[in-house]
Each structure stands twice: as structure tokens, then as C-alpha cells.
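Read the structure below first, then the notes.
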Amino acid sequence: MKKLAIGLLALLLLAGAGFFSVNQYVQWRATQEVDAVFSALRTSGREAAHGGVAFDLFKRSLTVRSVLLREPDGSRVAIASLVLDGVTEPKDGRVSARRLGAEGIEIEIAAAGERPRTLYRAPGASVDLYSGPDTLLPRERGQHEALNLFLRQMAASEATALSIPELSVRIEAPASGGVATALGYRNILIEKIAQGRIERLSFADMGFTATAPAGQPDLAAKGSLKRFVATGIDTAPILAATRPPGKAGLQPVYGEVVASGYSVVHGDGSLMEVGEASAKGLAIDPSIGVLGRFEELATLGQKQQPLGDADSARLMETASDLVKAIGFTQFRLADVTAMDSGTSLKMGSVTLSEMKQGRLGRLALERVSAATNGDKPVLIDTLALKGLSPLPLFAFSARAASEGSVPSLDGVLTLFRALDGVEMKGLTAPVADSDVPFRMQDFSLDWGQFIGLVPTRIAMKVDGMSGPISEADGVPLAYLAAAGLKQASIGMQLGITYDPAAQTLRLAPGVMRIEQAFATDLDLSLAEIRSGAFEDPIAALAAAQQVAVGPLTLTVTDLGFVDIILKEKAAGAGTTPDAVRTEFTDTLRKAGAELAPLYPEAPAVAEALARFTEKPGTLTLRLVPLSGLKLMDAIAADPLVLLREFRITATNSTP
């Protein structure tokens, strides 16, 4: 028994000695492996150093302290402690770990050219079920080497989750004199990372402060965001943007983004709040150099305001490139409030739809309320801009800044291409010195079918436009006011269309309706207009000599205006409306008879006008040119002589 006990003790001592020998070997081997990795990094041109290395055999846990990596451009990564739990032996250039933890993290992207200095700090971070390269990938030369390396490293790695309890970011634009933006994030969680894609990214809240340039305290800002969630993230387009331009075209980056509780207060006291912001189908075009453009924009934003001509032109060009480089399916802001001294603006929602190739399909503002200095607010149910493109505006502004003068007519005409149309519904606006507001139920204005810089199709519609009236407003509103009406309601519809095949320009419809007064509809056309007339002013002047006058039709429907005029005239003359009516119709018929030798149609036209006055209904006048009457000749002619160039017919119908 004694021998057995002695034997067991000897075996335990031997095993213990063996364990410590193995543990020392493993520790040595781990140190050698780490040294080899850092040596390879130094060979690739980086500065790479580390402190102590420890390996726990039972936990298969590797700890590396005081990690420092520095790129040739000055960008660096510093980690006080890096721990890999459940780490595997490197194989085929890859390593896996059950959990990767880091403490005391500091990442600096050095300033270079237009690129701002950016410093990231986090007390700690952890990665679950990590698998990736056992060293940093080779460096790719370029302007965004640090970002390029990070994204390539991510594309080669996989993990179920990355969590960062706290993160601070400081951004300093080059030559900004200490002007900086500081951001702080809490509870960042990135889930399911694989092949450069991220299933979900979120953080609990974010706060930021922006210091102002010297002498411009109003540009300071402080704000926060309560919640942020992004899904369907693909970093490949961003990686492509760090490389030389490749294939052009929008590439998806985010499937959907939702954020809530945004607020910002500026140094001048103005503020903005957004209840929720969301975006779908966010994409970028890497070939346009979107990263460099963002950096240029940030640098220009930090310069002393106002910008000089050269910087202003550069700002417009940079913004133009960014607009071309960004696309999305939808971007929406809900419950928006903006306030500054004496002015407030509230919107139920702002929705931008279908942004691509520098043009926005639709921008819609809903439930708008705007007030100034405590006045009654202007209310709008919906205001929408269709086919909005800021590119012509940027080009116009850049040209004005670079030329240092007022742009040419061509420059002004390019602004038509900045928008396809406008819609507005439910407008209510206060009117000074009146209890009756101005209202418009529906308004729309569209244009298109461009020839050169000129739109050859215009359509406008106004429904339910009303407001206060007075006798000082002129005809016809003065008559309505004199009749005791406090407000008038007006509707209009206008259409102008050019037909290149027929070489005709037609105005139809040309409708105006004033409730309780009258409605008119004008239809006229011009002929022999070559399409080249729209290409430039010189061509237009030359073509104007050949433009011919076409048929004209005017339809007038009485809605009570005839009786209002007769009553007003009768009151002024101290007689009756019927007496005024009889006197006026007799005068019409007599004038028609007197003009018959010169104008054969005069008696028939006068008779139609007289019957319209006697029994108001609908009067239709039609003028048809007898021969190829030129527009310029018609403009220069005496009106009475001009009438002989038309065949005139008039018809009257009663209700």
C-alpha cells in the first residue's frame, strides 16, 4: 500500500512537471506566433508593436497587451488589451475564436488633403464567434488606405455579433483652427457579419456637438438621436469607393434605416426636431469618388463664411457630384419641427421618393404649418415637387460664381430642367386686415417636352382659390364686392402644347371660372412654328416672322355677372336693370347694322351679344383667319382693320 501511495505521488509530480513544461512551451509558442504576425506587419511597411503575451491552455485564451499598429500616412490603431477566448490554431491563414474582446481601443484616421482627422475611442468591445485572417491584409495604396483596409478585413471575416457599449468620435477638418465635431454613441450592436455584409446594425442613442469657426458662434450645434437601426447592409460599394473608379452605377448599401428622436440646437438658438426618420434602398455610385466629395464638402463647411467665388463654385461642383453619386427608394421624416427667432415650422412628414441619376422622383411635404412673429399660421395639406433635380441649380450657381456676373439667358433657362412640376393641396393663409383667409384647394403646374432649353408643354390647374375682395380690386372683383360679396372663389386651367409634326403651338384649355360671376374658355393656335425656334433666342426671332395666326375660339358662360353689372349701372344712373339692359341691346344691334358694310358678320355677332345680354347663358365667339395671316403683322395692325382678316361667328345658347 505504501509503495502504491509513493507511486501515485511520483506520478502526480511527474504529471505536474509535464503540465508546467507543456504550459511553458505553449506560452512560448503563442509568443512566437504573435511575434511572427507583428513582424509580418512591419515587413509590409507598417509600424507594429505589442506588449506582453499570455496563453491559458485550459481556456484556449490568448491575451496580447499594448497593441499598436501605425500606417505610413499616420493612421493608427492602439489597443490596451486584446483577448481571444476559445482560439484555434491558425490554419490556411485564418484563425477562429469563440469570443474576441478588446479594452482601451483608440483608432485614428490621419488627416490627408481634404480628408479630416478622425479619432475613435472605446473603453471596450467584444466579438462573438469570430473567424477571419490571422493577420492584417496587405495594404492597398490610395487616399483612403485605413478605411480600405478595415473594409477588406471585414469582408474576409465572419462573426455573429460585435458589441461596443460606448464609442466617442472626434472629427477635425484640415486647417480648421480647432473646429471639430464630437459624437458619442451608446450600446452599438452589429449582428451577423459575413463577406462584408451586415444583417443588422443598431445603437441606443447618440449625442453630438459641433464647435463654430472663430467669429461665427451661430454655427455651433448640439444634438442627439435616440434610436438607430439599419438592416441589409453591404459594405462592398463603400470598399469600391476607396479604389480607383470602376464600373459606374448605383450599388445598394443599406436595405432600410430607421432612426427616432433626433434634435439639434444651433448657436443662434434655432432648433430642429424629427420624431422619426427612415430610408429604404440607399445606394451609392463608387465611380464618382463619393468619399473624397464628402471630405471636400466637410472642409468647405468649416471655412469662414461667406465663401469666396472660387470656393463657392467648388462647393456647387462638389454638391453636384454627391447628388449624382447617391440614390434611394424612399427617405422620410415624420413629425418635423423647426424654430428660430420669431419663426416656426411644423410638418407631419417630408417624403423623398425615387432618387437616381441626380433626380428625385417626388418631394412631398404634408400637414405643414408655418408662422412668423406670432401671426396666424400658413397651413398646407400637401406640397409636392415632381422630378426635382438640384443639378441645374448647382450648375447655375457655379457659373455665376466663376464668371462673377449675371449668367446668360441660356443659364437662366437651364433652371426649367430643375423641376418637372409642382402640386399643392389645402392651402390656407391669413390675409392682413381681414378675417377671411386666402384658400386654395388644389394647384398643379407641370412642364416638359423640351426642345433645347425650352419646355414646349405646360399645364396648370387651380381649383377652389378664394380670398377676400374689395371694390379696390378692379374688374371683375370690384363688381362682386359692390354687390355685397366678401370673398370670391376662382378656378383656372391652362394648357400650352407644341406639336413638332404639325408645327403648331396651341393654348387649350384656357379656362377661368369666377363663382357667381362667369366662366371663360379660350382655345387658340399658332401655325408654321419650326422646332428650331425654341433652340436659342436668335432662332426664335428669325422664326417669329413666319409664325401664322390660327383659329381662335372664346366661350363665355354667365354665372350671374351680367345681372350684377346691370344692377350696378342702374343704381348709378338712377334707373332699373331692365332699362339698362334694353338700352345696351339696342345699342349693340344698331352698331352691328352700321358696321355691316365693312364687316358683314357684324349684325350676326351683335345679335348674339344682345341675346346673351337679354337671356344670359353661353356665348361662343370663333375667329378664323381668312388667309395666311402672320403673327407679327397682326400685332402691328390696327384692331379694326385686323378684324377684316378673320371670319367671325357668334352663337348664343340659354340655360
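The values are calculated or read from the model by the stated rules, or taken from the named source; none is laboratory data. From a predicted model like this one, the values you see are computed outputs, not experimental measurements. Cβ atoms come from the backbone with ideal geometry, glycine included; neighbour counts cover every protein chain shown. All accessible areas refer to the heavy atoms of the entire protein, side chains included, with ligands and DNA or RNA removed. Shrake-Rupley method; radii C 1.70, N 1.55, O 1.52, S 1.80 Å.
Compared with the dominant principal axis of the Cα atoms in the chain, helix 561-573 is inclined by about 50°. In plain terms, the chain from Ala593 to Thr43 could stretch by 187.1 nm, reckoned as 0.36 nm per residue minus the Cα-Cα distance.
Farthest toward the positive end of the dipole of the chain, out of Gly467, Leu82, Pro625, is the Cα of Leu82, where the dipole comes from beta carbon charges about the Cα centre. Taking 0.692 mPa s as the viscosity and 37 °C as the temperature, the Stokes-Einstein diffusion coefficient of segment 586-655 based on its alpha-carbon Kirkwood radius rounds to 252 µm²/s.
A Förster distance of 60 Å, applied to the separation of the beta-carbon atoms of Val422 and Ala78, puts the FRET efficiency at 0.65. Charge dipole (Cα centre; +1 on Lys/Arg Cβ, -1 on Asp/Glu Cβ; no other charges) of the chain amounts to roughly 2720 debye. Computed over the Cα atoms of segment 444-492, pair by distinct pair, the Kirkwood hydrodynamic radius stands at 13.0 angstrom. The spread of Cα positions in segment 32-129, taken along each principal axis and listed from longest to shortest, comes to 49, 30, 24 Å. Computed from label points 7 Å out along Cα-Cβ, the spacing between Ile635 and Ala478 is 2.9 nm.
Would you please give the FRET efficiency between Gln516 and Leu297, computed as 1/(1 + (r/R0)^6) with r the Cβ-Cβ distance and R0 = 56 Å, to the nearest 0.05? E between Gln516 and Leu297, to the nearest 0.05, is 0.50. Cα-Cα over 22 Å: which of Lys280/Lys346; Lys425/Lys461; Lys247/Lys386; Lys376/Lys461; Lys324/Lys346; Lys356/Lys425? As for pairs spanning more than 22 Å Cα to Cα, those are Lys280/Lys346; Lys247/Lys386; Lys376/Lys461; Lys324/Lys346; Lys356/Lys425.
At an R0 of 25 angstrom, the distance between the Cβ atoms of Arg60 and Ala36 translates into a FRET efficiency of 0.85.
How many angstrom lie between the Cα centre of segment 43-85 and the Cα centre of segment 506-552? Each part reduced to its Cα centre gives a spacing of 78 Å.
Counted residue by residue at 0.36 nm each, then reduced by the alpha carbon distance between them, the extension gain from Ala432 to Arg644 reaches 71.4 nm. Ordering Pro244, Gly361, Leu137 by Cα displacement along the dipole of the chain toward the positive end leaves Leu137 in first place; charges were set at the Cβ atoms of Lys, Arg (+1) and Asp, Glu (-1). Only the Cβ atoms of Lys and Arg (+1) and of Asp and Glu (-1) were treated as charged; on that basis the dipole of segment 355-505 about its Cα centre amounts to roughly 540 debye. Taking label points 7 Å from Cα along the Cα-to-Cβ direction, Arg94 and Ala501 give a separation of 6.3 nm. Multiplying the residue separation of Glu140 and Ser653 by 0.36 nm and removing their Cα-Cα distance gives an extension gain of 176.3 nm. Considering only Val179, Pro123, Asn148, and ranking their Cα positions along the charge dipole of segment 82-199 that arises from unit charges at the beta-carbon of Lys, Arg, Asp and Glu, the one farthest toward the positive end is Val179. For segment 435-582, a Kirkwood hydrodynamic radius built from all Cα pairs, placed in the Stokes-Einstein relation at 37 °C and 0.692 mPa s, yields a translational diffusion coefficient of 181 µm²/s. Excluding same-chain neighbours fewer than eight residues apart, the aspartates and glutamates reachable from Lys630 by a Cα-Cα span under 16 Å are Glu528, Asp638, Glu645. With contacts taken as Cα pairs under 8 Å at a separation of at least 6 residues, the chain carries a relative contact order of 5 percent. Solvent exposure of segment 63-111 amounts to 48 Å² per residue of accessible area, where only protein heavy atoms count and the probe is 1.4 Å. For helix 290-301, what angle does its Cα long axis make with the longest principal axis of the chain, in degrees from 0 to 90 and rounded to 10? Its long axis makes an angle of about 70 degrees. Along each principal axis, taking the top coordinate minus the bottom one, the Cα set of the chain gives 151, 53, 52 Å in descending order.
Taking the inverse of the mean 1/r over every pair of distinct Cα atoms in segment 298-397 gives a Kirkwood hydrodynamic radius of 15.7 Å. Accessible area per residue for segment 319-394, computed on protein heavy atoms with a 1.4 Å probe, is 49 Å².
Computed from Cα atoms, the angle from the helix 309-325 axis to the main principal axis of the chain rounds to 80 degrees. For segment 595-638, the solvent-accessible area of protein heavy atoms averages 55 Å² per residue (probe radius 1.4 Å; ligands and nucleic acids excluded).
Of the accessible area of the chain, computed with a 1.4 Å probe over protein heavy atoms only, carbon and sulfur atoms account for 60 percent. Approximating the spin labels as points 7 Å out from Cα along Cα→Cβ, the Ala212-to-Ser627 distance works out to 7.5 nm.
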